[in-house]
Amino acid sequence: MIELKNVCAGYGGTEILHQITLAVNPGEAVTIAGANGSGKSTLLATAANIIKPTSGQVTLDNIPLHDIRPRRLAEHLAYLPQSPSYDPEQTVAGLAALGRFAHGSDDNSPHGRAVIGRALELNRVTHLAGRKLGTLSGGERQRAFLAYAFAQEPEYLLLDEPASFLDIRCQMELCSALRRQNRELGVALIMVLHDLNRAARLSDRIALLKNGSLAFCGEPREALKPEILHEVFGCRFECGDFNGTPWCLPIDDAD
């Protein structure tokens, strides 16, 4: 279990997160959502041990993250920020192979090759394996980084807006890949998503942030209620259900 216990965190002396308590169980899928500036990316980076809490604690199986060596932590947790830095000369296959570093695996080993090949396949970049990252479109590069994260074989996969730069078809394929990672392989997902309808399809729970505080956390059918969404986003919503999956649509007050 990854657990944030009364966590406060921020940048340069400015506190962004206020007393956040949130636990994510093995195999669970949790989406973090909220308005711009609400602290979503800060929360994800804090859960990944990229940002140190100013107070409170983040633990993995009751062990503080700061007590776990980075390589050991990477055996359990993969984190992909929204705009990762990259070497434009690195190939897609080479990037995916870097995901094996935590396991000390030789990417020429049978298992390493199989994992890398599967990661490339799941993210539809097998045909780009020999291409350099600097020659790719934004969407292609995003899928290459997702292959890198998948190749790490994490127990917890932390993704900040993974559908950025992807067209509708690629977004749907990404969701299918994430569902397979979650449901078939038992990988826990912690995702920042702006698309609440996509979050409803992917998530066991949705955590809604407002001004750095946890405003609500519950199942999608509980989170996607007009009164809750109005409180968090400051606009009106129409909500409903389609074949058992909740949906929401913001309403323009001018309509």
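Read the figures in this text as sums done on the coordinates, not as results from a lab. Here the structure is a predicted model, which means the values were calculated and not measured. With ideal geometry, Cβ positions are generated from the backbone for all residues, glycine too; neighbour counts draw on all protein chains shown.
Quick look at the numbers
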quantity: Length-normalised contact order of the chain in % [C-alpha pairs under 8 Å, at least 6 apart]; calculated: 24
quantity: Compactness of the chain as Cα Rg over 2.2 N^0.38 Å, two decimals; calculated: 1.02
quantity: Peptides 50-59, 151-160 ordered by average Cβ neighbours within 10 Å, highest first; calculated: 151-160, 50-59
quantity: Per-residue HN-Hα couplings for the range 61-77 [Karplus 6.51, -1.76, 1.60; θ = phi - 60°; Hz; x = Gly/Pro]; calculated: 6, 6, 9, x, 4, 5, 8, 9, 4, x, 5, 5, 5, 5, 5, 10, 9
quantity: For the range 121-163, size of Cβ-based charge dipole, Lys and Arg +1, Asp and Glu -1, in debye; calculated: 340
quantity: Other-chain or far-sequence residues with amide H under 5 Å of Ile32's (modelled H); calculated: Met191, Val192, Leu193, Ala207
quantity: Cα gyration tensor shape of the range 140-202, rounded if a/c is under 1.5, else prolate or oblate by comparing a/b with b/c; calculated: oblate
quantity: Prolate/oblate/rounded label for the range 20-168 (Cα gyration tensor, a/c 1.5); calculated: oblate
quantity: Net charge contributed by nearby residues that have their C-beta within less than 13 Å of Ala9 (K/R +1, D/E -1); calculated: +2
quantity: Note, ³J(HN,Hα) from phi for the range 149-156, Karplus 6.51, -1.76, 1.60, rounded to Hz, x at Gly and Pro; calculated: 5, 5, 5, 6, 6, x, 7, 10
quantity: Cα gyration tensor, the range 85-153 - rounded (a/c under 1.5), prolate or oblate; calculated: prolate
quantity: Volume per residue that the Cα convex hull of the range 88-231 spans, once the total is divided by residue count, Å³; calculated: 125
quantity: 3J(HN,Hα) from dihedral phi, the range 5-10, Karplus parametrisation 6.51/-1.76/1.60, rounded to Hz, x for glycine, proline; calculated: 10, 6, 7, 10, 7, x
quantity: When each of Lys40/Lys132; Lys5/Lys40; Lys5/Lys210; Lys52/Lys225 is checked by Cα-Cα distance, pairs over 25 Å; calculated: Lys40/Lys132; Lys52/Lys225
quantity: For the range 85-153: relative contact order, % (alpha-carbon pairs under 8 angstrom, 6 or more apart); calculated: 50
quantity: Residues whose placed amide H lies under 5 Å from that of Phe237, excluding near-sequence neighbours; calculated: Ile251
quantity: The range 155-218: relative contact order as a whole-number percent, Cα under 8 Å and 6+ apart; calculated: 33
